[in-house]
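Below is one structure; the comments refer to it alone.
The values are calculated or read from the model by the stated rules, or taken from the named source; none is laboratory data. This is a predicted model, so every value here is computed, not measured. No Cβ is skipped: glycine too gets one built from the backbone with ideal geometry, and neighbour counts run over all protein chains shown. Keep in mind that these areas ignore ligands, DNA and RNA; they rest on the heavy atoms of the full protein, side chains included. Shrake-Rupley method; radii C 1.70, N 1.55, O 1.52, S 1.80 Å.
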Amino acid sequence: MRLDVRTIAESDFPAWLQALNTGFLRPPVVTGEEVADRLARTDLARTQGAFDDGRCVATFRSFAQELTVVGGATVQADAVSNVTVSPTHRRRGLLSRMMATDLVAAKERGDVVATLIAAEYPIYGRYGFGPAAWTTEWEIDVPRTGLDPRWSGPSAQDGGRIDLVSGADVRKLGPALHGRLCARQHGAVSRDTRWWELNTGENLSGPGTWTEPFYAVYSNAEGEPDGLIVYRADDNWGDAKQPLNRATVLGQIAVTPAAERALWHFVCSIDWITTVRTGHRAPDDLLPLLLPDPRAARIVTQADWLWIRVLDVVRALEARTYAVPGALTLDIRDATGLTAGRYHLDASPSGATCTPTTDAADLALDVRELGTLYLGDESPARLAALGRIEELTPGAVVLAEGMFRAARRAWCPDVF
């Protein structure tokens, strides 16, 4: 049986969408409206499918993305998404064939890294991806927080204010606010106009119905928006006619600590809300410690999130900054041959130079470990203890620990 793996044509797209739904355990049907809407925002040249006797049995798509790295610069990324293999065609190498094609094309295109959100942990390491940013979700028991239940807004000293706005308002102010977040948060990725439309209920298609959330904006004393929180609430009352409602945060952007504190205090002060689910947040989010009783917030999710595959070692390492000055020669191992070689890194807090070299290496590591280290979220010393980094020059691991680590945790607010 010959399986045809190829870039899809427009005529393949309805079957490709049906296979995508099948792989994600959604009803395996698509409407004409959904096909037209998805087709308009899909680059077919970067969309692959596997076909068995004309039937689509695997899907793969990538798109252009910008990733913020340590220091605030951005690099061009190949964002991998919509990866499925139908349950009838597992373990036949279909993903490997599609991934190989995509990564070669991305490198030839000049992308610095590839990114993805892994549904399953064991799959992507064999393609050179490593988990580079994690996510945490808290559930807050509001009555236990110790926050003033009479709070009605930011203090007079703060000078800011919080206003409820519409989805149309968010489409206007959101992109600039997110851009400010990306300038300071390594691990954040770009959002296009379509992202804001989909996440504010405009021009929706496909199955399901849209439930309008609440949008609250924090503005500073000068009237400039510094934060946004999006949430939905349920309607749950106890037997004694007591409100037991939960607010679920769908997203929060805050570019100042004042905005972050005020928005969390706001959502915890809404009448009838007794529980708050925070949604995916940075593992070192300020949230628990800004509560008078941090134990009111318990972790309900702690997991890997953004995975990175380095495609261009020189440009990747030169794009970010480093906590302390230092020089290391890295022996990067890559079974695909895309990045294998030795590279000399001379780095400092203001930048770095990286050049291919034949000099003896200080550290040897697989490209997947380089991806794990790239955003400064993982410890080289811990990877060395696990046998995933080989120290060839005494003291090189300690030096790498000082150079690569970042002051705050990496965080990607998005799923794609």
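Condition (residue is on the phi < 0 side of the Ramachandran plot, open to solvent by 60 Å² or more (accessible area, probe 1.4 Å) and part of a loop (DSSP other than H, G, I, E, B)) applied to the range 160-180: is it met by at least one residue? The answer is no, given that none of the residues of the range 160-180 is on the phi < 0 side of the Ramachandran plot, open to solvent by 60 Å² or more (accessible area, probe 1.4 Å) and part of a loop (DSSP other than H, G, I, E, B).
For the range 352-394, the set of residues classified as under 25 Å from LEU306 (Cα atoms), part of a strand (DSSP E or B) and open to solvent by 20 Å² or more (accessible area, probe 1.4 Å) consists of ALA352, ASP366, GLU390, listed by residue number. Of all residues in the range 266-283, those satisfying the criterion of being over 25 Å from the mean Cα position of the chain (by Cα) and crowded, with 17+ Cβ neighbours inside 10 Å are PHE266, CYS268, SER269, ILE273, THR274, THR275.
Among the residues of the range 187-195, is any of a type in the set (A, V, I, L, M) and within 21 Å of the chain's Cα centre (by Cα)? Explain how you work it out, then say what you get.
So in the range 187-195, the residues of a type in the set (A, V, I, L, M) come out as 188-189.
Adding the requirement that they be within 21 Å of the chain's Cα centre (by Cα) leaves 188-189.
Yes; the residues of the range 187-195 include at least one that is of a type in the set (A, V, I, L, M) and within 21 Å of the chain's Cα centre (by Cα).
Each residue in the range 312-343 was checked for being open to solvent by 40 Å² or more (accessible area, probe 1.4 Å), in contact with a Ser or Thr (Cβ under 7 Å, 6 or more places away or on another chain) and closer than 17 Å to ILE389 by Cβ, and 1 of them qualify.
Restricting attention to the range 211-237 and to residues that are outside any strand (DSSP E or B) and free of Cβ contacts under 8 Å to residues at least 24 places away in the same chain, the residue that is most open to solvent (accessible area, probe 1.4 Å) turns out to be GLU222. If TRP134 satisfies every condition in (1) in a strand (DSSP E or B); (2) open to solvent by 20 Å² or more (accessible area, probe 1.4 Å); (3) of a type outside the set (Ser, Thr, Tyr); (4) out of contact with any Phe, Trp or Tyr (no Cβ under 6 Å at 6 or more places or on another chain) but one, which is the exception? TRP134 satisfies every listed condition except (4). Residues in the range 238-256 that are at pLDDT 95 or above and open to solvent by 70 Å² or more (accessible area, probe 1.4 Å): LEU244, ARG246, LEU250. Taken over the range 137-159, the criterion of being modelled with pLDDT of 95 or more and open to solvent by 40 Å² or more (accessible area, probe 1.4 Å) is satisfied by ASP141, PRO143, ARG144, GLY146.
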